[in-house]
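So the structure is just underneath, and the comments pick up after that.
Throughout, read-outs are computed from the coordinates displayed, never taken from laboratory work. A quick note: this is a predicted structure, and the numbers were derived from the prediction, not measured. Don't worry about glycine lacking a Cβ; one is built from the backbone with ideal geometry, like all the others, and counts go over all protein chains shown.
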Amino acid sequence: MRRFIFLILSCIVGLSASAQESGSLLIQNVRLFDGESISEGVDVVFENGKVAAIQAHAPDRQADQIIDGKGKTLLPGLINAHVHIWFPAHLAEAAKAGVLTVMDMHASRFSIPILKALKDSTGFANYLSAGPGATVPGGHGTQFGMPTPTIDSVTSAKSFTVDRVADGADYIKILREPSRPTINFEQIDTVIATAHAHEKLAVSHISRKADGIRLAASDLDGFVHIWFDEPSTKAEIEALVEGGQFMVPTILTNKRVIEYFEAQNQDIPHLSVEQLLAEIKKLHEAGINLVAGTDPPNLNINYGTDLFTELELFVESGMSPLEALKTATGNAAKAFHLQEAGWLKVGMPAHAFLVDGNPSENIGDARQVVHVWKAGKIVK
Ligand SMILES: [Zn+2]
């Protein structure tokens, strides 16, 4: 009951927030990160929910509302490409932190229409979802207490995937996890081929390097974890480059898994945190498209500010702060073919946030959020 009341309250807050402000907003003389590069001293105009203009700063430019952007950086709303969400409150937590698009990687099929209905409500991140991931009876994804369809004697890999498309899935998630009964490679190939026949991308959970290397040779589009069992060789990285998949490595998630193994003295082969970061560095240097995702609520990871921790871990692995910002913006948009997120360019929806300082030089400044806008309206 308390959860239900919270849900209703969240909706009311969202509706009142979307009823405010109209007209043009000028953010003047600001540093702009547009999803791939930095421009200094520009004027950005939001109008009718979109980015209406980006021009060199001119002191006499007018608008209905003006914000001084000096010393600040404007960025596209961030994308978290690996979450699990049940309630609108999770979308609100993300939006408040500047995370305006979340990508669910295994969810109840019944929550998809409820969460997608908040697309035009200001206080909530936009929700994209795989719905339930492709798994088998007793497999990973079936242990969370929600009704989970599986590939079994009744439902083929093909009909499972067709069902997800019918549910409204934006992409198809595969749960390859050999610590339990798991979907086999033949079934995975069918899921991928069926997804592609319906113009959906197919992405996979992995935890073991051997599965990553095996799936690099398939038509899979991306991985939504990196392995944690052992370091890769040069030849294996080359196989991944050859495969062309993008990767959402969920560094924070894997780091917490490794820390848990170590605290429990678990006898499971695993990388050290140092080795995990070295794997990220190898993937980045090899040119693999890396995308930010944090897998909340697993391991007590939150839906909002923990995405900044993921960006900081990318920097710790050796990436420049600018490259790290791309993992939650342009890289994600490229990986998932997103049309309305990840970029701040003229004509795009004005999903953006303003921070103090310069996160393209000091990644910690991404946390200094001053304002968040969804479709040009302030997220309170
Ligand atoms: Zn997950």
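Laid out as a table, the results:
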quantity: In the stretch 207-313, the trypsin sites (Lys or Arg not before Pro) that fall in loop regions by DSSP, at most 14 other Cβ within 10 Å; calculated: none
quantity: Cα pair count fraction exceeding 40 Å, expressed as % - the chain; calculated: 14 percent
quantity: Cα shape, the stretch 33-79, gyration tensor, a/c 1.5 rule; calculated: oblate
quantity: Cα-centred dipole magnitude for the chain, charges only on beta-carbon of K, R (+1) and D, E (-1), debye, nearest 20; calculated: 940 debye
quantity: Neighbour net charge for Glu316 - beta-carbon separation under 14 angstrom, K R +1, D E -1; calculated: -3
quantity: Theoretical ellipticity at 222 nm over the chain - DSSP helices of four or more residues, -39500 (n - 2.57) apiece, nearest 500; calculated: -10000 deg cm²/dmol
quantity: Mean separation of Cα contacts under 8 Å (6+ apart) over length of the stretch 205-251, as relative contact order %; calculated: 47 percent
quantity: Gain upon complete extension [Asn362, Ser37; 0.36 nm per residue less C-alpha separation]; calculated: 115.5 nm
quantity: Net charge contributed by nearby residues that have their C-beta within less than 11 Å of Leu277 (K/R +1, D/E -1); calculated: 0
quantity: The stretch 145-294: relative contact order in percent, alpha carbon pairs under 8 Å with at least 6 residues between; calculated: 18 percent
quantity: Rounded Å value of the spacing that divides the Cα centres of the stretch 206-239 and the stretch 136-150; calculated: 24 Å
quantity: Reachable lysines from Lys72, criterion Cα separation under 20 angstrom, eight or more residues apart if same chain; calculated: Lys96, Lys326, Lys345, Lys374, Lys377, Lys380
quantity: Average Cα contact separation per residue, the stretch 78-336, under 8 Å, 6 or more apart, as relative contact order %; calculated: 18 percent
quantity: Cα long-axis angle, helix 2-18 against the chain (0 to 90 degrees, to the nearest 10); calculated: 40 degrees
